[in-house]
């Protein structure tokens, strides 16, 4: 599928999703925290751009290096060595770490390869992992954006990842409430 870079609908969609997440969290009195690598704070930026976000947003950290993922979030060195920073295992441990650190109800973590370099045959540019935790439930996904879109640039990958993270937050919290 071709991603239309001039199409503002994705940015508008992310804005709307951020507003939905903030409104939803405010209505349920849920707090949220983020641990971002690939997105470099973009998820936090979209959340905090919504009026009322201060009621629900606890903490956002950008843990770009393996050293900081380990020291701040408790991602195990063994995980980083065996699976690398770009893995579902690392994203999962990042979300555990940010939830422990912040004590927030919802924790979201992202890691991946935004490019233009850094990709390999095994993990091409557009390999992205998102992990969302809520009430003991966790969902971690490989978005594999390289399979769905052609010619994505760094900013496209970061924006599409942010969009999916918001969708996953809403899906997991609503699903967990039903149980």
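The values are calculated or read from the model by the stated rules, or taken from the named source; none is laboratory data. Just so we're clear, the structure is a prediction, and the values are computed from it rather than from any experiment. Reconstructed Cβ throughout: ideal geometry from the backbone, glycine too, with neighbour counts over all protein chains shown.
Examine region 111-128 for a residue that is out of contact with any strand residue (DSSP E or B) (no Cβ under 7 Å at 6 or more places or on another chain), closer than 17 Å to residue 58 by Cβ and modelled with pLDDT of 95 or more, and state whether such a residue exists. Checked region 111-128: no residue is out of contact with any strand residue (DSSP E or B) (no Cβ under 7 Å at 6 or more places or on another chain), closer than 17 Å to residue 58 by Cβ and modelled with pLDDT of 95 or more.
Please go through region 142-159 and pick out each residue that is touching a strand residue (DSSP E or B) at 6+ places or on another chain (Cβ under 8 Å) and either touching a residue at least 40 places away in the same chain (Cβ under 8 Å) or surrounded by fewer than 12 Cβ atoms within 10 Å (Cβ to Cβ) (or both).
Kept after step one, since they are touching a strand residue (DSSP E or B) at 6+ places or on another chain (Cβ under 8 Å), are these residues of region 142-159: 142-145, 149-151, 157.
142, 149, 150, 151, 157, listed by residue number.
For the structure I just gave you, tell me whether residue 96 is closer than 18 Å to residue 141 by Cβ, more than 12 Å from the chain's Cα centre (by Cα) and not in a strand (DSSP E or B). Give the steps one after another, and end with the answer.
Numbers: closer than 18 Å to residue 141 by Cβ: yes; more than 12 Å from the chain's Cα centre (by Cα): yes; not in a strand (DSSP E or B): yes.
Against the criterion (closer than 18 Å to residue 141 by Cβ, more than 12 Å from the chain's Cα centre (by Cα) and not in a strand (DSSP E or B)), residue 96 qualifies.
Here is a check on your reading of the model: is residue 63 over 28 Å from residue 118 (Cβ atoms) and under 16 Å from the mean Cα position of the chain (by Cα)? Outline the logic, then answer.
Values: over 28 Å from residue 118 (Cβ atoms): no; under 16 Å from the mean Cα position of the chain (by Cα): yes.
No.
Of all positions in region 124-135, at least one carries a residue that is surrounded by fewer than 17 Cβ atoms within 10 Å (Cβ to Cβ), touching a helix residue (DSSP H, G or I) at 6+ places or on another chain (Cβ under 6 Å) and touching a residue at least 40 places away in the same chain (Cβ under 8 Å).
Taking every residue in region 1-28 that is more than 18 Å from residue 53 (Cβ to Cβ) and pairing it with any residue that is outside any helix (DSSP H, G or I) and at pLDDT below 80, at least 6 positions away or on another chain, the pairs with Cβ-Cβ distances below 9 Å are 10/3; 10/4.
Considering only residues that are assigned to a loop (DSSP other than H, G, I, E, B) and in contact (Cβ under 8 Å) with a residue 12 or more places away in the chain, which ones fall in region 99-118?
Correct list: 103, 104, 105, 113, 114, 115, 116.
Within region 27-49, being assigned to a loop (DSSP other than H, G, I, E, B) and either modelled with pLDDT under 95 or within 22 Å of residue 156 (Cβ to Cβ) (or both) holds for 37, 38, 39, 40, 41, 49. The number of residues in region 50-76 that are touching a strand residue (DSSP E or B) at 6+ places or on another chain (Cβ under 7 Å) and either surrounded by 19 or more Cβ atoms within 10 Å (Cβ to Cβ) or part of a helix (DSSP H, G or I) (or both) comes to 7.
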